[in-house]
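Input: a single structure, listed below in structure tokens.
What follows is calculated from the coordinates using simple rules that are stated; it is not laboratory data. Computed from a prediction, not measured in an experiment: that's the story for all the values here. Backbone-built Cβ (ideal geometry, glycine too); neighbour counts: all protein chains shown.
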Amino acid sequence: MTRENRPALYRSMKLIREFEERCLAMAIAGEIDGGIHPYIGQEAVAVGICANLTERDGITSTHRGHGHVLAKGAEPRRLLAELLGTLEGFNKGRGGSMHAADMKLGILGANGIVGAGGAIASGAAWAAKARGDSDVVVSFFGDGAMSQGVLLEAFNLAAIWSLPVLFVCENNQYATSLKLEAGLAGGATRRAEGFGLVSRSVDGMDVEAVESAAAELLEGVRAGRGPAFLECRTYRFFGHHSVLELLGVEFRDPDEVALWRTKDPIPLLGDQLGEDVVAGIDAAVKETIDEAVEFAKNAPSPDPKDALMYLYAGATAVRPGVIL
Amino acid sequence: MTRENRPALYRSMKLIREFEERCLAMAIAGEIDGGIHPYIGQEAVAVGICANLTERDGITSTHRGHGHVLAKGAEPRRLLAELLGTLEGFNKGRGGSMHAADMKLGILGANGIVGAGGAIASGAAWAAKARGDSDVVVSFFGDGAMSQGVLLEAFNLAAIWSLPVLFVCENNQYATSLKLEAGLAGGATRRAEGFGLVSRSVDGMDVEAVESAAAELLEGVRAGRGPAFLECRTYRFFGHHSVLELLGVEFRDPDEVALWRTKDPIPLLGDQLGEDVVAGIDAAVKETIDEAVEFAKNAPSPDPKDALMYLYAGATAVRPGVIL
Amino acid sequence: MSGLPSPENFGYMHAMNRALHAEMAADEDVFLLGEDVGVGASGVTSGLLPRFGPERVLDTPLSEQAFTSFGTGAAMAGKKPVIEFQISSLIYLVFEQIVNQAHKFSLMTGGQVRIPVTYLVSGSGSRFGWAGQHSDNPYSLLAHAGIKTVVPGLAADAYGLLRAAIQDPDPVAVFAPSPLLGATDVSYAGEEDIVPLGQANVVREGGDLTVVAVGQHVGTAIEVAENLADRVDIEIVDPRTVYPFDWECLRKSVDKTGRLIVIDDSNRMCGLGAEIVATAAEEFDLVAPPRRVCRPDGTVIPYALALDKALVPGAAELTAAVDAALR
Amino acid sequence: MSGLPSPENFGYMHAMNRALHAEMAADEDVFLLGEDVGVGASGVTSGLLPRFGPERVLDTPLSEQAFTSFGTGAAMAGKKPVIEFQISSLIYLVFEQIVNQAHKFSLMTGGQVRIPVTYLVSGSGSRFGWAGQHSDNPYSLLAHAGIKTVVPGLAADAYGLLRAAIQDPDPVAVFAPSPLLGATDVSYAGEEDIVPLGQANVVREGGDLTVVAVGQHVGTAIEVAENLADRVDIEIVDPRTVYPFDWECLRKSVDKTGRLIVIDDSNRMCGLGAEIVATAAEEFDLVAPPRRVCRPDGTVIPYALALDKALVPGAAELTAAVDAALR
Ligand SMILES: Cc1ncc(C[n+]2csc(CCOP(=O)(O)OP(=O)(O)O)c2C)c(N)n1
Ligand SMILES: Cc1ncc(C[n+]2csc(CCOP(=O)(O)OP(=O)(O)O)c2C)c(N)n1
Ligand SMILES: [Mg+2]
Ligand SMILES: [Mg+2]
């Protein structure tokens, strides 16, 4: 990739940042039921990776999924409409933050269960391979997920079947309160290599580094040389979940948090674009998000009578909770 | 270890062989319900490992567990009594082949679910560590188990908590019909290393090689330096399960089977002991097994009225299947 | 491989095997995955690898969780996976992947995606001598969670329901009772129709008492009904699909007979029998208390054969329940 | 950590927290493991790490399956693990390890070993706004499999049952309903007794109709009973332990009232409500059909709050069922 796409990378990161800051405030204010897991601080990962993807490529995402979904091209207003539980949301208000999905864009879903996405991604990748396409699927997950059995099984499956999957470990060094070293023996890339995955580690605060590392790995993946693994070393600037922000709880050392905030990927790239460019993008992004908030707040709510709509794809008689 | 224990190693392997040959015949004759997964060919693994263990050390075993159980010191007659579903069996006829356990000898159970033992072993090892003992737990499993999520999770758990566990992968190169290469990416030891385990691979047809590799690894494990992993390259001489023998089904290349049979660990060691020693041991072993068969065939059966005895350790009212 | 249990007879296993062949031939998106499916170790998948090739018959490593969610992912991308499980208790191992993932995607995505996966348990319930971890019948659990669940009791239904399951747009679990796998069935000619999900079958008509019989107990119920024919005229309802249950069919039968017994080889507590008896008590007109014939609460099947058999319901228990219901 | 939900009030969470403190102080073999138990992220495990140290309070990686069977292994070696699960659906993920391993070892080994593990689900059922994968109540599933299962509906019972669960020689699952975690309970003074497993509690006496109410619905039932007190005299039975169920207590109540309604926040099909209604129909004398108030079949909780609430039973549904039962 070249310098020409820097503004686009910046814009995408800024969009996520602005979206998440607004969401976090709304969640703390009680406007988003269930709250959110803010992505703030990790924007370079989603953006650097997704810069390499087309609409035909797939992703699986996590509980901390807004960044991935937006970076993959989803409309902010429809994501926010989902978070507000409205019919204009991608999932018609049925999924919320942890299940946001836009199948048309290959967004196969955030997921409320840590580590669940890797095997789903592998199945979708196999189907793409069976179609004879060069489409790939990227599976995002955290450092905590690296100890989840189903994900480890998926590494093996993808490797023996040589599937077009890129596994992206967003190593933000904590799983809720658990420090990386206390949870993960052997190290992320070494573990992935143990499953025969081509593996690399990259500075996840540097969007261009992420982008080019992913580009390199994806070249092999697309060419049918099998799956790969990319560890992105990153950090979340806020608490694990908005409810912890609300309560003012932080499990991490404040000095550590402060140090990582100095590595913010957005000004890092912004500084290279010049003030004018940045100001222009920032203003446009703010407008987009303002408009999204307006849109989402005015979107209609689903009817409680339809609570079980979509439970089955086929017509299926469901007996209600009370039969009088 | 020294040459002095060669007769003991030979005796232990021969005991397993004789036991298994008798069982296989009985299973094919329909005398053992459910049949068995014969251990024949793999004796050097169980014997080489267990030569390093005391009665206080634990093991977890597998569906192909007779060898482990016998090598750990269990009485053949009580194991056979279990296989015949009698009250003289370790499990009072409740467990059978896949659940044989003798807690007094630290045999924490064979297991019908592939890969299930590693996490159980880790818990028992943690308890030993908490007691301040230098006791260890060995977890046996096959190459097929190396792709089972819960076992991979257990590798990590044992490593981060530095537990006194030795993981022993009996790589007999097949999981039922699945060839190793088709099931396992990256290789066994490389995968284990990816979890921070000290790992080695050894010729599993050579009991002395297994014994000394295990001794080396167990030294570190006992000394509190954390878990280790040993791959033993071995082969089963018969089909996956006795029912396949009964049906005459073999998924492997007959030439491959024949080749491996030339590496039989028992004559390999026997040749070094001299004919007389071998003949003496063989005769004694045969007598032991004859006696075990006699014992088991005459052991009393449990009463069907007691079918749910032991379902709970505490007194618990269980409602029957028919209430008239 | 010729020694493996052959599906080349007009029995239950042959029916399932033929259903797989038929669906794979009819629809290119159908594919099969599972352990030892290539060699057809269970007997049910014989001949599929040679016919359809390794692109559509995938031998998996022992990674049930990953390959189950792999099925979900492939389904999202338009495929129709059939996943074979060698042991019924492997359903426990993939409970998360079926119940919390595959089942929930349709609603959670607001209908954006369908997950047409078939979970084929080729051998459920006691195998007599396989002990505690190989002998359960987990179908009530999947039904509680809302997974469409099928337990064919006759060969023709095994054929027809397996085809319907594969064609269904939702996840469907198919449990083949172990005791039936080796059975031949004279009523089955090897050429049968698709049986829609959710439709029960009145296997035997009668006016005195309704027996709901599940899986291999369709046979048990027929045997008992014939034995007792001089004393009581038993109607036998085979639900075939245990969820969604065909309540209308049962209602009609109980309207006629006023008496109900359920025979079902799962645990008493919160089992399928409980559901059927409960619904009948709430909604139907019964002239005598309904009854269940099932396994005891929390059953773990012991190894010793006499103990194993003591826990699995059969003709003796059903006969006793019929006698009690008539008193 | 001071901002975390504090158990320093006489509420439900405080009760559970005190029970953990009491058992860990009383018995050296008791230890705690789970995700974020050190910081007490759920609120239930607060103060245990500082008091008992990292040897007895183990923060685990996200490896639910391994740490559940780790508990089994530690139990075999004489320990008494308490395993916390942050989300009720994590029970699905460890279904194999609980149901097919821990539960079965006692019988399968012929009584050689006991597995005194407590599975503590500190937050079951809908959290209102957490959507499909965080809102289930899997207790009927564990009851079907034979796991001793406890759903305390009152703070004092949360204390007493959790202690009893930890002391029990078998695996026991304890489900703390999410809606109760933040509740304070004036009837609870912070000093309560151990409540033996398997004993129901008549929370309110009445002569006209028995309501079996589970978990947070003990409160729902009390509210409804008071509201309708001028029309109907409701007796409320809180089973507390859902398996093994205290059938004798319920029998006595229904003998008196002849009418039965169950309110329970799990799915209809094969749920706890089915079991209670079925047993009553088989064995008790009812003067009117029994009824269930529960979630619909196969429920997946949608995100939007109004939809979520529409699926979880409450006072309105219970009132309607009472009215219907009296007609
Ligand atoms: C299997 C599973 N276990 C536990 C949880 C509860 N939980 C949600 S997020 C989380 C931490 C995840 O850590 P990581 O994978 O590093 O992602 P991060 O939150 O750091 O982005 C936990 C324990 C869950 N959702 N799923
Ligand atoms: C989790 C699980 N999956 C599948 C099975 C069925 N099964 C029993 S043994 C076996 C093969 C095991 O292979 P391996 O671990 O290499 O052990 P081996 O039989 O070669 O000794 C399979 C698939 C099982 N018991 N448990
Ligand atoms: Mg993390
Ligand atoms: Mg093997």
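Overview of values
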read-out: Mean separation of Cα contacts under 8 Å, 6 or more apart, over the residue count of chain B: relative contact order %; value: 23 percent
read-out: In order through the stretch D:193-207: 3J(HN,Hα) via Karplus (6.51 cos²θ - 1.76 cosθ + 1.60), integer Hz, x for Gly, Pro; value: 8, 5, 10, x, 5, x, 10, 6, 9, 7, 6, 8, 8, x, x
read-out: Length-normalised contact order for chain D - Cα pairs under 8 Å, 6+ apart - percent; value: 16 percent
read-out: Gained length - D:D285 relative to D:L326, 0.36 nm times residue gap less alpha-carbon distance; value: 13.2 nm
read-out: Residues whose placed amide H lies under 5 Å from that of D:L58, excluding near-sequence neighbours; value: D:L32, D:L33, D:G34
read-out: Dipole magnitude of the stretch B:224-309, debye to nearest 20 (Cβ charges: Lys/Arg +1, Asp/Glu -1, about Cα centre); value: 460 debye
read-out: 12 Å cut-off, amide nitrogen to a point 7 angstrom out along B:D133 Cα→Cβ, residues in the stretch B:30-74; value: B:54-59
read-out: Rounded to whole Hz, the Karplus (6.51, -1.76, 1.60) HN-Hα couplings of the stretch C:76-87, x for glycine and proline; value: 4, 8, x, 8, 10, x, 10, 10, 8, 10, 6, 10
read-out: Distances in nm from C:A183 to the matching label points in the other copies, shortest first (labels 7 Å along Cα to Cβ); value: 4.8
read-out: The stretch C:95-211, dipole about Cα centre (Lys/Arg Cβ +1, Asp/Glu Cβ -1), debye to the nearest 20; value: 400 debye
read-out: Spherically averaged projected area in nm², based on the convex hull that wraps the Cα atoms of the protein assembly as shown; value: 45.3 nm²
read-out: Cα centre as origin, Lys/Arg/Asp/Glu Cβ charges: the stretch A:19-160 dipole, Debye; value: 300 debye
read-out: Global form of the stretch A:166-282, assessed from the alpha-carbon gyration tensor, a/c cut-off 1.5; value: oblate
read-out: Label distances, nm, B:S301 versus same residue in remaining copies, Cβ-directed 7 Å point; value: 6.6
read-out: Test item: D:168-176 mean partner chain Cβ contacts at 10 Å; value: 2
read-out: Over the protein assembly as shown: helical MRE at 222 nm, DSSP H runs n ≥ 4 each giving -39500 (n - 2.57), nearest 500; value: -12000 deg cm²/dmol
read-out: Two-site label geometry, C:E248 and A:E250: point separation in nm, points 7 Å out along Cα→Cβ; value: 6.3 nm
read-out: Pairwise centroid distance, computed over Cα atoms, of the stretch B:28-68 with the stretch A:243-289, Å; value: 59 Å
read-out: Shielding by partners, peptide B:101-109 (average Cβ within 10 angstrom, other chains); value: 4
read-out: Local net charge near D:P171, Cβ-Cβ under 14 Å (Lys/Arg +1, Asp/Glu -1); value: +2
read-out: Protection-proxy order for peptides A:262-272, A:297-307, each taking the mean of Cβ atoms within 10 Å per residue, highest first; value: A:262-272, A:297-307
read-out: Inter-copy label distances at D:V287 (7 Å, Cα→Cβ; nm, one decimal); value: 2.4
read-out: Diffusion coefficient, µm² s⁻¹, Stokes-Einstein with Kirkwood Rh over alpha-carbon pairs of chain D at 10 °C and 1.306 mPa s; value: 80 µm²/s
read-out: Local net charge near D:A324, Cβ-Cβ under 11 Å (Lys/Arg +1, Asp/Glu -1); value: 0
read-out: Packing-based exposure ordering (other Cβ within 10 Å, fewest first) of D:M16, C:M269; value: D:M16, C:M269
read-out: Dipole of the protein assembly as shown, positive direction: furthest Cα of C:Y303, B:S162, A:G142, with charges on the beta-carbon; value: B:S162
read-out: Residue-count net charge about D:F85 - beta-carbon cut-off 10 Å; Lys, Arg +1, Asp, Glu -1; value: -3
read-out: Additional length obtainable on full extension of the chain from A:A283 to A:D303, 0.36 nm per residue less Cα span; value: 3.6 nm
read-out: Residue among B:L180, C:V254, C:T149 farthest towards the positive dipole end of the protein assembly as shown, charges placed on Cβ; value: B:L180
read-out: For D:V293, distant residues with modelled amide H under 5 Å away; value: D:V262, D:I263, D:D264
read-out: Cross-link table C:K148/D:K80; B:K305/C:K148; B:K179/B:K263; A:K72/C:K104; B:K72/D:K104; C:K148/C:K252, entries beyond 27 Å C-alpha to C-alpha; value: C:K148/D:K80; B:K305/C:K148
read-out: In the stretch A:1-55, chymotrypsin sites (Phe, Trp or Tyr not before Pro) in a DSSP loop with at most 11 other beta-carbon atoms within 10 Å; value: none
read-out: Relative pair counts by distance (%), Cα atoms of chain A, 10 Å bins; value: 6, 26, 34, 24, 8, 1, 0
read-out: Average beta carbon contacts from partner chains per residue of B:242-249, 10 Å cutoff; value: 3
read-out: Distance between the stretch A:113-139 and the stretch D:189-267 - C-alpha centres, whole angstrom; value: 49 Å
read-out: Residues D:S88, A:S147, sorted so that the one with the fewest Cβ neighbours within 10 Å comes first; value: D:S88, A:S147
read-out: Hz values of 3J(HN,Hα) by residue in the stretch A:247-261 - Karplus curve (6.51, -1.76, 1.60), Gly and Pro given as x; value: 7, x, 9, 9, 7, 9, 5, x, 5, 5, 4, 4, 4, 5, 5
read-out: Segments D:226-235, C:119-128, D:23-32 sorted - mean Cβ within 10 Å per residue, highest first; value: C:119-128, D:23-32, D:226-235
read-out: All aspartates and glutamates inside 18 Å of C:K256 as judged from Cα atoms, apart from same-chain residues fewer than 8 positions distant; value: C:E205, C:D208, C:D233, C:E235, C:D238, C:D246, C:E248, C:E282, C:E283, C:D285
read-out: Span from the the stretch D:43-81 Cα centroid across to the the stretch C:77-127 one, whole angstrom; value: 31 Å
read-out: Amide H partners (placed H, <5 Å) of B:G93, local residues excluded; value: B:T86
read-out: Selected from C:P171, A:N52, B:V285, residue furthest toward positive end of dipole (the protein assembly as shown; charges at beta carbon); value: A:N52
